[in-house]
Amino acid sequence: MARRRDMRNTRALPSVGNAALAVFHFSVNVYQFLILPLWLLPWDASWAWTLLPLAFLSNPYWSLIHEAIHDLFYPAARINMLFGRAAAVLFGAPFRILRLSHLLHHKLNRTPAEATELFDPGKSSRLRAAAGYFFQILGGLYLVEFLSSILFLLPRRWIRSFNSRFIGPESVGGILMQNWTGDEAVREIRADGALVLGWFGLSAWCYGEQWPLLLALLAARGFLISFLDNVYHYRTPVNDIFYASNLWLPAVLGRLLLNFNLHGIHHQNPAIPWNRLPLLFDARGDIYQGNYFTAAARQLLGPVALADLPWAPPKASR
């Protein structure tokens, strides 16, 4: 009975805390994209410096969207979905794009088809692999997510032609496109994509001649989101789909990141909300696989050949 009660406590959603975080992050986005360019910059250009610290809230904001992706933002599914879609619009991409790509990441984690840094020397040179790898981790991941709003506003036959010509039906992207090009999916993605373009178009109008500040803001968000996305998986065993690194961060930064640094715990227990991950980490006596900042810098070593990493036996997804 006690063990069952502990599991209930572990899975309890911090709904009030999540709602407070949503208000905070929505306010930050409204400030950055509307209030700052409309009212503060015309008064005093030095207000632009406030964008610098706020840029580092991009990953905590993604962490909160990540809770909605796993249905952990709020117990009511409708509210969870409503928040996820609204938050994703301000983030810069349709929620379905973010949700399905992330859930497929869990299913295919560390498989050769999905792992960001892996390449097969028999099929690609290191130089070519490095070009794709560094594009993705230095901003390309977010750029592709952002541009998806434009892609899905095109006629559906063009989207399917793009998929068959440039992606391929058997690739990870092809699997995702099969879901995204269904009737209901296209309607949802187009609706959210139109809001994304409207939101950022409005912001561009607000910035006016100071548009380079908006571009810098988006570049900073794109870099931080892309660069820290694979930090928990870089050079980890191939085919161990439940494996990710738990990386040490100072407690205050870990809390700010919604304990996203405990990524190994999350991958093994994706139904556990962010506030309970440290409890499970301590209860299991887990250890950190490295320092967060060191692991991030280590990614700059570049792509890795398949033969240079240990392989784990294939496992069925949970």
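The values are calculated or read from the model by the stated rules, or taken from the named source; none is laboratory data. This structure is a prediction, so every number in the text was calculated from the model and none was measured. In this analysis, Cβ positions are derived from the backbone assuming ideal geometry, glycine residues included, and neighbour counts consider all displayed protein chains. Keep in mind that these areas ignore ligands, DNA and RNA; they rest on the heavy atoms of the full protein, side chains included. Shrake-Rupley method; radii C 1.70, N 1.55, O 1.52, S 1.80 Å.
Before moving on, here are some points about what is shown:
- Computed over the chain with a Gaussian network model linking Cα atoms closer than 10 Å, the most mobile of 121, 155, 278 is 155.
- Among 294, 111, the sequence by solvent-accessible area, most first, with a 1.4 Å probe is 294, 111.
- Cα centroid separation, region 215-283 to region 74-105: 18 Å.
- Largest accessible area first, the residues 286, 229, 183 order themselves as 183, 229, 286 under a 1.4 Å probe with ligands, DNA and RNA left out.
- Under the convention that each Lys and Arg Cβ holds +1 and each Asp and Glu Cβ holds -1, the size of the dipole of region 212-318 around its Cα centre is about 160 debye.
- Helix-only [θ]222 nm of the chain, DSSP H runs n ≥ 4, -39500 (n - 2.57) each, per residue, nearest 500: -17000 deg cm²/dmol
- Mean separation of Cα contacts under 8 Å, 6 or more apart, over the residue count of the chain: relative contact order %: 25
- Summed over all non-identical Cα pairs, the Kirkwood treatment of region 46-144 gives a radius of 15.8 Å.
- Size descriptor, Kirkwood hydrodynamic radius, that averages inverse alpha-carbon separations across region 191-288, Å: 16.2
- Top of 15, 124, 245 by mean-square fluctuation, Gaussian network on the chain, Cα under 10 Å: 124
- In plain terms, if you count all Cα to Cα distances in region 110-236 and split them into 5 Å steps from zero, the share in each step is 2, 9, 14, 18, 19, 17, 13, 7, 2, 0, 0 percent.
- Long hydrophobic helices in the chain: the complete DSSP H runs spanning 18 Å or more by Cα along their own axis with mean Kyte-Doolittle hydropathy of at least 0.0 are 15-30, 77-91, 95-108, 183-207, 211-227.
- Amide H contacts under 5 Å for residue 291, placed H, 5+ residues apart: 248
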